[in-house]
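The values are calculated or read from the model by the stated rules, or taken from the named source; none is laboratory data. The shown structure was predicted, so the numbers you read here are calculated from the model rather than taken from an experiment. We place every Cβ from the backbone using ideal geometry, glycine too, and count neighbours over all the protein chains shown. Please note that ligands, DNA and RNA were not included when accessible areas were found on the heavy atoms of the full protein model with its side chains. Shrake-Rupley method; radii C 1.70, N 1.55, O 1.52, S 1.80 Å.
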Amino acid sequence: MACPFPARGACATLVRMPEFDDGLTETALPSTGPSTSSTTGSDTVVETDVLVVGSGPAGASAALFLSSLGIGNIMITKYRWTANTPRAHITNQRTMEIFRDLGIEDQVLADATPHELVGDTVFCTTIAGEEIGRILTWETHPAREGDARLASPSLTVDIPQTYLEPILVKNATQRGTQSRFSTEYLSHTQDADGVSTRVLDRVTGTEYTIRSKYLIGGDGARSQVAADIGLPMEGAMDIAGSMNITFKADLTHLVGHRPSVLYWVLQPGSNVGGIGAGLVRMVRPWNEWLIVWGYDIAGEPPQLDDDAAAEIVRQLVGVDDLDVEITGYSLWGNNQMYATHLQSGRVFCAGDAVHRHPPSNGLGSNTSVQDSYNLAWKIAAVLGGQAAPSLLDTYSTERAPVAEQIVLRANKSGGEFRFMEVLGVLDAETPEAMQAAIDERKANTPAGAAKRAALVEAMDLKHYEFNAHGVDMGQFYESAAIVPTVLPSLWTSATPSSTTSSPPSRARGSRTSGWPTSTATSARPTTSPRTGSSRWSPASRARHGPTPPRRWPRSSACRSKRWSSGRAGRSSTPTTTGPRCAASRSRARSWSARTRTWRGGRRRSPTTRHGRWATR
């Protein structure tokens, strides 16, 4: 090439400029492999291993899991971007464990409200008004946090769906997912070799076909995929109506000293989905919020504008001149519906497509992620030649009972909001009468004392919703995917004629913490093997079910164990006959009543020692 400036002598030698790399080669569709396209006549056909419909918690996590396992996939959503409202927010320990497994836990924690700030659930007349009571929730109570920390290194956090979905989509796309926004699912047909799905590019108006080996419908509570394959459903949709109002307002001076995720406001007119209270939920501490306000779904839906929404906000916050910015409002229905079977041939559904329920218990997005976690590794194993296609049948066997459990539990929790009844305000016809009924709880009278006691019982009842550790971590599977466990002699019942029971077996992606329903009850021990006590702690119930199983050895080096009586002042540690293993060494310290210490350990009280061994 000639020098462009020969007269200046500036080009003694020609320097070749480096080529600009815009990353296209890394993101373009490969010419061969898991995602290819071709044109047949006037129709374009794109091929991939798995097509995922939906980019919510179920769809985006399915795409992320598949890409992490090296399975080619395309994820489509009819929306232009991810969730536009906060929606789900409580992310429990099991889901955080999954994120840890995928290497994205740190990203989630960076955007989440930390565990220590999500604990209090407050019941009040307004946020600025009287506080009626509060309970520590999501395993933040000292009596429950130990259970959580012993169960997992990952703790419950609060991350709104508007923050979680972009993390899932970003990581899925980085790892290989072809993410297609503004692309709508229309229909599909399946045959012995795969699934052909018609989709619409909403930007260009062009229809085309995606050919895949499997199709996953994670397209929400109004799932078209689930409808197209005719999944059997139980329950009903839209049993109550609610309205979300999202707003920005700095409430630090009202809540900074008593941080909470949820403020339940008990006052006239604040009826949410039929449970009798308005809910103010923290989205970002302490200046972004969400209000849930109920309405009669049998009547006309409420009509709102910014002024009406701001008035509702000021009413529940309790500050008449609050500076508030309304960022949105929307209507939604409370559902009670679940699928009894989650798949048909090569098509599967996950998330809200198969379990539809109110947000009570915070189970929705968590179960959606866990559905996809269960399904993705099985698809990867089949496509990788590591398992027969029959493995995929265990997806419904294992996850359909979970869908039923969480739908029924969430609706039961919503129905157990007894505060309005206990306060005696259901029959109050005026705000003054309602306030008088609420104030009666402070009276130094038998009626006031009875009302206070009833309020304590009503708050205790909400532990079923807000401290559901056994539901969060206590799922176990019974299916053909579970390898039967050969039982050591320790599990044999003392009664020769009784049936030998089996310990719960683990499947990948499961948390085992219960007894198979076929286990003979005569084989279940009735007392704790460590303490000899029939008092079985909440942690142990959550981990093992209603009655305690005996532990089986962790290695062949400690097959034979015996347990002492565990009475106060005596050793309640296991002993071994034969070589010690790591499990036995960690427990083989004995308690000295005279010196009040563990031999070889730090000083502890007998009560602490006894309680520790009773609940570990």
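Only residues that are farther than 17 Å from THR177 by Cα and among the aromatic types (Phe, Trp, Tyr) were counted in the stretch 80-122, giving 1. Taken over the stretch 155-176, the residue count meeting the criterion of being crowded, with 21+ Cβ neighbours inside 10 Å and charged (D, E, K, R) is 2. Candidates in the stretch 101-122 are the residues that are part of a helix (DSSP H, G or I) and touching a residue at least 60 places away in the same chain (Cβ under 8 Å); of these, the one that is farthest from PHE417 (Cα to Cα) is LEU102. Restricting attention to the stretch 295-304 and to residues that are touching a residue at least 40 places away in the same chain (Cβ under 8 Å) and not β-branched (Val, Ile, Thr), the residue that is most open to solvent (accessible area, probe 1.4 Å) turns out to be ASP296. For the stretch 313-323, indicate whether the set of residues that are touching a helix residue (DSSP H, G or I) at 6+ places or on another chain (Cβ under 9 Å) and free of Cβ contacts under 8 Å to residues at least 40 places away in the same chain is non-empty. Yes; the residues of the stretch 313-323 include at least one that is touching a helix residue (DSSP H, G or I) at 6+ places or on another chain (Cβ under 9 Å) and free of Cβ contacts under 8 Å to residues at least 40 places away in the same chain. Quickly run through the stretch 118-134 and pick out the residues that are within 27 Å of the chain's Cα centre (by Cα), polar (S, T, N, Q) and closer than 12 Å to GLY278 by Cα. Within the stretch 118-134, no residue meets the criteria.
Residues in the stretch 411-420 that are assigned to a helix (DSSP H, G or I) and free of Cβ contacts under 8 Å to residues at least 60 places away in the same chain: LYS412, SER413. Count of the stretch 147-193 residues, restricted to those that are in contact (Cβ under 8 Å) with a residue 24 or more places away in the chain and either in contact with a Phe, Trp or Tyr (Cβ under 8 Å, 6 or more places away or on another chain) or part of a strand (DSSP E or B) (or both), is 15. Scanning the stretch 366-394 for residues that are over 17 Å from the mean Cα position of the chain (by Cα) and farther than 15 Å from PHE348 by Cα turns up ALA381, LEU383, GLY384, GLY385, GLN386, ALA387, ALA388. Taken together, the residues in the stretch 474-491 that are under 25 Å from the mean Cα position of the chain (by Cα) and modelled with pLDDT under 85 amount to 3.
As a summary of the residue check, ILE98 satisfies the conditions (1) farther than 14 Å from LEU64 by Cα; (2) touching a residue at least 60 places away in the same chain (Cβ under 8 Å); (3) crowded, with 18+ Cβ neighbours inside 10 Å except for the one numbered (1).
Quick grid of which residues meet (1) in contact with a His (Cβ under 9 Å, 6 or more places away or on another chain); (2) open to solvent by less than 40 Å² (accessible area, probe 1.4 Å); (3) at pLDDT 90 or above; (4) of a type in the set (Val, Ile, Thr):
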{"position": "SER242", "(1), (2), (3), (4)": "no, yes, no, no"}
{"position": "ALA249", "(1), (2), (3), (4)": "no, yes, yes, no"}
{"position": "HIS257", "(1), (2), (3), (4)": "no, no, no, no"}
{"position": "LEU262", "(1), (2), (3), (4)": "no, yes, yes, no"}
{"position": "LEU266", "(1), (2), (3), (4)": "no, yes, no, no"}
{"position": "GLY278", "(1), (2), (3), (4)": "no, yes, no, no"}
{"position": "ARG281", "(1), (2), (3), (4)": "yes, yes, yes, no"}
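Test ARG314 against the stated conditions and say whether it is at pLDDT 90 or above and part of a helix (DSSP H, G or I). Considered against the rule, which asks whether it is at pLDDT 90 or above and part of a helix (DSSP H, G or I), ARG314 comes out as yes.
Name the residues in the stretch 362-381 that are without any contact (Cβ under 8 Å) to a residue 40 or more places away in the chain and surrounded by fewer than 24 Cβ atoms within 10 Å (Cβ to Cβ), would you? Of everything in the stretch 362-381, just one residue is without any contact (Cβ under 8 Å) to a residue 40 or more places away in the chain and surrounded by fewer than 24 Cβ atoms within 10 Å (Cβ to Cβ), namely ALA381.
Exactly one residue out of ASP323, ASP307, ASP352 is at pLDDT 95 or above, open to solvent by 20 Å² or more (accessible area, probe 1.4 Å) and of a type in the set (Asp, Glu), and it is ASP323.
Scanning the stretch 320-348 for residues that are closer than 20 Å to ARG284 by Cα and β-branched (Val, Ile, Thr) returns VAL324, ILE326, THR327.
Of all residues in the stretch 461-472, those being within 18 Å of GLU97 (Cα to Cα) and surrounded by fewer than 21 Cβ atoms within 10 Å (Cβ to Cβ) number 1.
Please tell me if ALA400 is free of Cβ contacts under 8 Å to residues at least 24 places away in the same chain, of a type in the set (A, V, I, L, M) and part of a helix (DSSP H, G or I). No, not satisfied. When restricted to residues that are closer than 30 Å to GLY424 by Cβ and at pLDDT 90 or above, the stretch 137-169 contains 0.
Note on the stretch 135-154: residues that are open to solvent by 30 Å² or more (accessible area, probe 1.4 Å) and under 24 Å from TRP289 (Cβ atoms) amount to 1.
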